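Chemist: Below is the structure I would like to discuss, written out as structure tokens.
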Amino acid sequence: MNELMSYVSANYEQILDLLWQHIYLTFFSVFVAAVIGVPLGILISRSKALSKPVIGFANVVQAVPSLALLGFLIPFIGIGSTPAIVMVVLYSLLPIVKNTYTGLTNIDKDILEAARGIGLTNGQMMTKVQLPLAMPVIMAGVRISAVTAVGLMTIAAFVGAGGLGFLVFSGVSSVDNNMILAGAIPACILALLIDYAVGKIEKNISYTNKKYGSTITDGKRKRRNITIAAASVLILVIAVVLIVNPFSKNEKTISIGSKNYTEQILLGHIFAELIEAQTDIKVERDLNLGGTQVAFLALTNDEIDLYIEYTGTLFVDVLDQPPISDQEKVYNTVKTELMGKYDVETLDPLGFNNTYTLAVRGDTAEQYNLETFSDLAAVSDQLRVGGTIEFLNREDGLKGLIETYGMNFQSTNAVNGGLRYNAINNDEVDVISAFATDGLLEEFKLTVLKDDQSFFPPYYAVPIVRSETLKQYPELKEVLNLLAGKMTDDKMRELNFRVDSLKESPQDVARDFLKEEGLLN
């Protein structure tokens, strides 16, 4: 508990900023869902022919896994807050549409006949009779959507939309329970507060307050009016926030992205701090985006201006080339092909080679006398391997290793981020994929095996930047190349260790490194 409080105390500004982003994204998504869902529910209550396909479509959307839906949206609308909002709106529609339809179609027919009997038109019946009677059911749907949206919005961090999910994903990646709790606890509290607030609104504006012949007193009427006024102000604030988007760019702003693990997030902060220290350009940090394909797609779709990638990853995973070990050929091919195909410039390598590797516990290495990948291949049928989803599916990952070394593991387990280290430490797997500069290798005292057939290509870190951005800010190229050749394998491993094991802030570690290099005052 003390460690959690210390973490919160040291990072409260970031937590509050992410909480505000989470509230904004959640409220706006539910507001849009209500604006679409309630009229749609009214429409299908009057047309039975439409009700089945509309509710059926909403049911199908609800059945699609949220990450799959988000992944499907990225190629069409990119990354950032937009796909996250669209995802939550789609998921929120079912309870709102269905509850509106159910509330309106289950009103006592005698009441409707009486309304017609006194001469009310269809419009008057809807506004004066049906909607007031159906309001408790409709508000219950909005309430369910709002609470569900808080949890769903944590996934927004996967596409760089921010919110409390950033802390949860970062904590999982770096095996930092305090960071996970710092994101999860405010999200839970927010869900409870929203449930309470919407419940109070539901109670105060509900027609059922009048049931059994009770009358509304002046006090109750006053409270109801205050509630309605507060809800109106809230909607107005949301509309203003929509118009004055707090995340919009100004003219002198660029965006840096990163993939979803410690080293990438750290590199994102290093270059953001460097640019802001050496130029008058402001930097938006769209970090923790996901895997290679998500980050690279964000770059080529102009969602971000630059990020740090690895030459081997670009060569094999982006350019679809077979793995080779020639460092110079890999770099030159990447530089030429990225410019020709994607109008993306590859700058000078930073110096360290973050190659893939395989690691085992010390007792496993001793039991099977393991030093090289070939040693591992000979006993692989007795061992379980765990790797990131990306590693298991890449040609320069497990697929290629199996073909090159003839490995045949007893089982294969997809475990992302720092959870791989927990898995091997808890004896749930025997071998994990790792990066050579992972700080957690030292913390968990793992034995790194040698790639004795040089299967993995060189993975030298390089900044890749949209050409359009460099034309707009020509001073950027010289600034970004200030770190060329300055970062060794040992230095990168040390920086990762400070974040992963010593639980220091990536931004603080980035600043310290730049100060050591004389690039930041």
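Chemist: For the range 105-156, what D do you get in µm² per second when you plug the Kirkwood radius from alpha-carbon pairs into Stokes-Einstein at 10 °C and 1.306 mPa s?
Modeler: Estimated diffusion coefficient is 122 µm²/s.
Chemist: Share of antiparallel DSSP beta bridges in the range 325-453, in percent to the nearest 5?
Modeler: 50
Chemist: Just for the Cα atoms in the range 373-521, what are the lengths along the principal axes, largest first, rounded to whole Å?
Modeler: 54, 34, 24
Chemist: Sticking with this one: What Kirkwood radius, in Å to one decimal, follows from the Cα pairs of the chain?
Modeler: Hydrodynamic radius (Kirkwood, Cα only) of the chain equals 25.8 Å.
Chemist: Treating each Cα of the range 1-73 as an identical point scatterer and ignoring solvent, apply the Debye formula and state log10 I(q)/I(0) at q = 0.19, 0.22, 0.25, 0.27 Å⁻¹.
Modeler: These q points yield log10 I(q)/I(0) values of -0.93, -1.04, -1.11, -1.14.
Chemist: Viscosity 1.306 mPa s, temperature 10 °C: Stokes-Einstein D of the range 276-321 from its Kirkwood Cα radius, in µm² per second?
Modeler: 133
Chemist: So for the chain: antiparallel DSSP bridges make up what percent, rounded to the nearest 5?
Modeler: Percentage antiparallel, nearest 5: 55.
Chemist: Return the FRET efficiency for the residue pair T105, V35: r is the Cβ-Cβ distance, R0 is 22 Å, and the value is rounded to the nearest 0.05.
Modeler: 0.55
Chemist: With every protein chain present, what is the per residue accessible area of the range 1-95 (1.4 Å probe, Å²)?
Modeler: For the range 1-95, the per-residue accessible area is 51 Å².
Chemist: Using only Cα atoms, what Kirkwood radius does the range 33-128 have, in angstroms?
Modeler: Mean inverse Cα-Cα distance, inverted, gives 15.2 Å.
Chemist: If amide H atoms are built 1.01 Å from N in the plane of the peptide, which residues on other chains or at least 5 residues away come under 5 Å of the amide H of R394?
Modeler: Answer set, sorted by chain and number: K399.
Chemist: Measuring from label point to label point, each 7 Å out along Cα→Cβ, what is the T488 to V448 span in nm?
Modeler: With each label placed 7 Å out from Cα toward Cβ, I get 1.3 nm.
Chemist: How large is ³J(HN,Hα), in whole Hz, for each residue of the range 298-315 in order, when computed from phi with the Karplus curve 6.51 cos²θ - 1.76 cosθ + 1.60 and θ = phi - 60°, using x for Gly and Pro?
Modeler: Once θ is set to phi - 60°, the couplings for the range 298-315 become 4, 5, 6, 8, 6, 7, 10, 9, 7, 7, 9, 10, 10, 4, x, 5, 5, 5 Hz.
Chemist: Taking only protein heavy atoms and a 1.4 Å probe, what accessible area per residue, in Å², does the range 102-152 have with all protein chains in place?
Modeler: Here the residues of the range 102-152 average 51 Å² of exposed surface.
Chemist: Could you state the accessible area per residue of the range 243-374 in Å², with a 1.4 Å probe and every protein chain left in place?
Modeler: Value returned for the range 243-374: 39 Å² of accessible area per residue.
Chemist: Rg and Dmax of the range 309-440, Cα atoms, in Å?
Modeler: Rg, Dmax (Cα atoms, Å): 16.2, 51.
Chemist: At 7 Å along Cα-to-Cβ for each site, give me the label-to-label distance between N521 and A49 in nm.
Modeler: It works out to 7.3 nm between the two label points.
Chemist: Same structure again: Quick check on my link table: of K259/K515; K252/K486; K52/K128; K252/K477; K491/K515, which ones sit more than 19 Å apart, alpha carbon to alpha carbon?
Modeler: K259/K515; K252/K486; K52/K128
Chemist: Another question, then. What length, rounded to one decimal in nm, is gained on full extension from E428 through to E403, with 0.36 nm per residue of separation minus their alpha-carbon distance?
Modeler: Answer, rounded to one decimal: 6.5 nm.
Chemist: In whole percent, and with a 1.4 Å probe on the protein chains, what portion of the accessible area of the range 86-201 is carbon and sulfur?
Modeler: Carbon and sulfur: 67 percent of the exposed surface of the range 86-201.
Chemist: For G386, what residues show an amide H to amide H distance below 5 Å, using hydrogens built from the backbone and excluding near sequence neighbours?
Modeler: Amide H to amide H, under 5 Å and 5 or more residues apart or across chains, G386 pairs with N413, D430, V431, I432, S433.
Chemist: How would you rank 350-363, 21-34, highest first, on the average number of other Cβ atoms within 10 Å across their residues?
Modeler: 21-34, 350-363
Chemist: Then there's this: Write down the Kirkwood hydrodynamic radius of the range 321-397, to one decimal in angstroms, obtained as one divided by the mean of 1/r over all alpha carbon pairs.
Modeler: Roughly 15.7 Å, rounded to one decimal.
Chemist: A follow-up question, please. Expressed as cubic angstrom per residue, what is the convex hull volume of the alpha carbon set of the range 423-509?
Modeler: 152
Chemist: I've got another one for you. May I ask you to derive the FRET efficiency for Q124 and M339 from their Cβ-Cβ distance with R0 = 60 Å, giving the value to the nearest 0.05?
Modeler: E between Q124 and M339, to the nearest 0.05, is 0.35.
Chemist: Helix 262-278: angle to the longest alpha-carbon principal axis of the chain, degrees 0 to 90, nearest 10?
Modeler: So the inclination is approximately 90 degrees.
Chemist: Give the lysines reachable from K399 as a straight Cα distance under 19 Å; neighbours fewer than 8 places away on the same chain don't count.
Modeler: Output for K399: K450.
Chemist: Over the Cα atoms of the range 94-203, what is the Rg over Rh ratio if Rh follows Kirkwood?
Modeler: 1.25
Chemist: Among 184-195, 139-150, 255-266, how do they line up from the highest to the lowest mean number of other beta-carbon atoms within 10 Å?
Modeler: Result, highest mean Cβ count within 10 Å first: 255-266, 139-150, 184-195.
Chemist: Quick one: Karplus J couplings for the range 103-113, per residue in order, coefficients 6.51, -1.76, 1.60, θ = phi - 60°, nearest Hz, x for Gly and Pro?
Modeler: x, 7, 8, 10, 6, 3, 5, 4, 5, 5, 4
Chemist: Between V61 and E504, what is the label-to-label distance in nm when each label sits 7 Å out along the Cα-to-Cβ direction?
Modeler: Once both label points are built, they end up 4.7 nm from each other.
The values are calculated or read from the model by the stated rules, or taken from the named source; none is laboratory data. This structure is a prediction, so every number in the text was calculated from the model and none was measured. All Cβ positions, even for glycine, are placed from backbone atoms using ideal geometry, and neighbour counts span all protein chains on display. Surface areas here come from the heavy atoms of the whole protein model, side chains and all, with no ligands, DNA or RNA. Shrake-Rupley method; radii C 1.70, N 1.55, O 1.52, S 1.80 Å.
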